[in-house]
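Only one structure is covered here, and it is reproduced in the block below.
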Amino acid sequence: MSYGQFEQFIRNMSRVMASVNTRLQRDLTMRSRLSRRFSQREVSEFLNVDPTYLIRVANEDPAFPEGTKVGRERTFSPDEIMLIRALLDANPNARRRYLHWRAPTEPMKVVTFGAQKGGTGKSLSAAHFAQYLNLFYGLRVGVIDADPQSTISLYFADDALPLFDPETLTIADFMGVGDPGAKEPTRHDAATLDSIWRPTSWPGIRLMPGGANIQNGDIAMFFMSRNAGIPIYRLLKDAIHRWENAYRPMTPTTEFRRPDGTFDMDRYGAALHETLDVIVIDQQPSLTLVQLNGLLAADSVVMPQTMKGFDLATLATFVNSIAEYLDFIVGYDKDFVIGAGAHFVLPTIVQEQNDRDTTQILDLYEQAPNETLQVWYARSDAIANAADEYKSIYEYMPDKNRRQSAQQFMRNANAVNDAIVGKVWPEFEQRGYAAEFIKDHWETEE
Ligand SMILES: Nc1ncnc2c1ncn2[C@@H]1O[C@H](COP(=O)(O)OP(=O)(O)O)[C@@H](O)[C@H]1O
Ligand SMILES: [Mg+2]
């Protein structure tokens with residue numbers, strides 16, 4: 001056998017890649033991470049309050065953030081928006097919640113975005129969902145990047161995060177399978193698990209970065225799977241529980257104010273980081289053992305899926321393989337609770353001008369109304385530009401001539417996320433974006 005050419009090619013490329021400047025574009029993106037600010041009108045929409053109410057609170061409460069003055073308008077950063085939520089929520093006479101943090105007795109939720117196929121918008125949908133929960137509900141979100149390609153990490157990493165550094169710990173380490181030669185998983189204590197989360201520029205959002213060593217996790221689990229005593233399919237779920245039990249919600253928002261009514265920034269800052277309300281997992285596009293763990297750790301699985309016939313065939317393969325795993329596990333591990341929440345397909349990158357895509361959605365919906373989201377991501381040019389810099393539509397600041405298409409895609413993202421919130425947190429007040437989308441797209445003129 002001769003593989004000389006290939007070997008030569010690999011050696012040349014690895015030499016070339018060491019000197020090619022791959023850093024420049026990446027560094028620019030990370031340095032400008034979340035420089036986006038939001039207008040007063042946008043802030044009142046996020047909080048679901050009247051703009052005049054915000055102005056009144058701003059005048060009355062000395063802790064209200066100044067924002068930045070642009071002409072006659074003030075703009076606010078996501079940090080400041082979170083603080084405004086906390087101020088409103090901690091008002092003794094607040095009539096509703098502004099910070100939708102879970103109560104100490106409520107379990108944390110896990111929502112996993114997974115599908116067999118690459119390029120179906122999993123990472124972008126997961127990033128949008130995490131940021132929407134943060135902007136519109138104030139949730140503290142843990143984002144787990146379960147893909148060795150680290151796509152979602154690129155949407156969150158800033159220049160403080162050592163991404164692509166082989167020493168940076170990943171989900172494989174969190175699960176205790178970072179060492180491909182180990183005989184059994186390492187049971188890290190809660191403090192070690194906690195140190196794997198990295199802060200991001202978003203208030204209350206933490207990231208477990210992706211990295212090449214996620215593949216080591218699969219190799220390690222493959223060898224461990226020969227030992228029937230090691231439940232390799234639930235390592236992630238068990239590690240999440242171990243972490244969650246040690247980092248519970250402690251501080252009711254009423255404690256943000258001192259007896260004299262002034263706002264305690266330290267107390268609030270500590271509470272923002274004491275726990276998570278939800279974990280969002282972005283899966284890799286293949287049914288590996290790490291991916292299996294991500295599916296089985298979830299309360300809800302969202303399957304982003306393009307609507308081409310061939311793509312739907314991969315969905316069929318994907319669910320069939322999962323079904324086989326489930327048959328095996330359910331028979332074997334009787335007290336393991338799998339996916340107690342809602343699970344559904346999210347149609348993505350839909351070409352609305354093309355009847356074939358929408359007909360496909362209709363067909364899927366008619367056969368599986370509970371398993372198919374009625375709201376989808378339309379194909380958008382705006383996001384192609386934003387994604388060049390790994391910016392989500394919530395972070396992207398378009399120049400003038402792209403502003404309209406960006407706004408349109410943000411409305412689309414809001415509708416999708418509102419629909420997912422309705423499925424995952426039926427007890428939350430929905431925002432009406434999904435209902436509006438359904439009215440526009442399903443109630444056809446007769
Ligand atoms: N609605 C959309 N319209 C146009 N392009 C999109 C849309 N959603 C995702 N994309 C693009 O498709 C590519 C794959 O998206 P990504 O979220 O990384 O998919 P996955 O995680 O499933 O591989 C990215 O370049 C992304 O910008
Ligand atoms: Mg991806």
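The values are calculated or read from the model by the stated rules, or taken from the named source; none is laboratory data. Here the structure is a predicted model, which is why all the values come from computation and not from measurement. Glycine gets a Cβ as well: all are built from the backbone with ideal geometry, and neighbour counts include every protein chain shown.
Of all residues in region 122-168, those satisfying the criterion of being in a loop (DSSP other than H, G, I, E, B) and either at pLDDT 95 or above or charged (D, E, K, R) (or both) are GLY138, LEU139, ARG140, ALA146, ASP147, ASP158, ASP159, ASP165, GLU167. Residues in region 223-255 that are under 30 Å from ILE84 (Cβ atoms) and of a type in the set (Asp, Glu): 2 in all. Among all positions in region 226-244, there is no residue which is on the phi < 0 side of the Ramachandran plot, within 16 Å of ligand 1 (Cβ to nearest atom), assigned to a loop (DSSP other than H, G, I, E, B) and surrounded by 14 or more Cβ atoms within 10 Å (Cβ to Cβ).
Residues being in contact with a Gly (Cβ under 8 Å, 6 or more places away or on another chain), at negative phi and within 16 Å of ligand 2 (Cβ to nearest atom): count how many of those fall in region 125-173. Adding up the residues that qualify gives 12. State which residue is nearest to ligand 1 (Cβ to nearest atom) when the search covers only region 89-120 and only residues that are touching a strand residue (DSSP E or B) at 6+ places or on another chain (Cβ under 9 Å) and not in a loop (DSSP other than H, G, I, E, B). It comes out as PHE113.
Residue count for region 353-386, restricted to those that are in contact with a helix residue (DSSP H, G or I) (Cβ under 7 Å, 6 or more places away or on another chain) and surrounded by fewer than 17 Cβ atoms within 10 Å (Cβ to Cβ): 2. Scanning region 289-335 for residues that are within 20 Å of the chain's Cα centre (by Cα) and of a type in the set (Ser, Thr, Tyr), we see that the one that is surrounded by the fewest Cβ atoms within 10 Å (Cβ to Cβ) is SER300. Of all residues in region 135-163, those being farther than 20 Å from ASP194 by Cα and not hydroxyl-bearing (Ser, Thr, Tyr) number 7. Against the test of being touching a Pro at 6+ places or on another chain (Cβ under 9 Å), more than 16 Å from ligand 1 (Cβ to nearest atom) and either at pLDDT below 90 or on the phi > 0 side of the Ramachandran plot (or both), the options ASP327, ASP333, ASP277, ASP299 yield a single qualifying residue, ASP333.
In region 206-219, the count of residues that are in contact with a helix residue (DSSP H, G or I) (Cβ under 6 Å, 6 or more places away or on another chain), more than 22 Å from PRO148 (Cβ to Cβ), at pLDDT 95 or above and part of a helix (DSSP H, G or I) is zero.
May I ask you to list the residues in region 377-387 that are more than 22 Å from ALA434 (Cα to Cα) and either more than 16 Å from ligand 2 (Cβ to nearest atom) or touching a residue at least 40 places away in the same chain (Cβ under 8 Å) (or both)? Of everything in region 377-387, those that are more than 22 Å from ALA434 (Cα to Cα) and either more than 16 Å from ligand 2 (Cβ to nearest atom) or touching a residue at least 40 places away in the same chain (Cβ under 8 Å) (or both) turn out to be ASN385, ALA387. When region 334-375 is filtered for residues that are away from ligand 2 (no atom under 16 Å from the Cβ), among the polar types (S, T, N, Q) and in a loop (DSSP other than H, G, I, E, B), the ones remaining, listed by number, are GLN351, GLN353, ASN354, ASN370, GLN374.
All conditions but one from (1) away from ligand 1 (no atom under 16 Å from the Cβ); (2) buried (at least 24 other Cβ atoms within 10 Å of the Cβ) apply to ILE152; the one that does not is (1).
Of the residues making up region 394-417, at least one is of a type in the set (S, T, N, Q), more than 16 Å from ligand 2 (Cβ to nearest atom), part of a helix (DSSP H, G or I) and touching a strand residue (DSSP E or B) at 6+ places or on another chain (Cβ under 9 Å).
With the requirement that a residue be out of contact with any strand residue (DSSP E or B) (no Cβ under 8 Å at 6 or more places or on another chain) and assigned to a loop (DSSP other than H, G, I, E, B), what does region 376-386 give you? Even if it seems obvious, please write down each step before you answer.
Residues of region 376-386 that are out of contact with any strand residue (DSSP E or B) (no Cβ under 8 Å at 6 or more places or on another chain), as a first pass: 380-386.
The answer is SER380, and nothing else.
Filtering region 173-217 to residues that are of a type in the set (Asp, Glu) and either touching a Cys at 6+ places or on another chain (Cβ under 6 Å) or surrounded by fewer than 20 Cβ atoms within 10 Å (Cβ to Cβ) (or both) leaves ASP179, GLU184, ASP189, ASP194.
Checked against (1) in contact (Cβ under 8 Å) with a residue 12 or more places away in the chain; (2) of a type in the set (Phe, Trp, Tyr); (3) more than 16 Å from ligand 1 (Cβ to nearest atom), PHE318 meets all criteria but (3).
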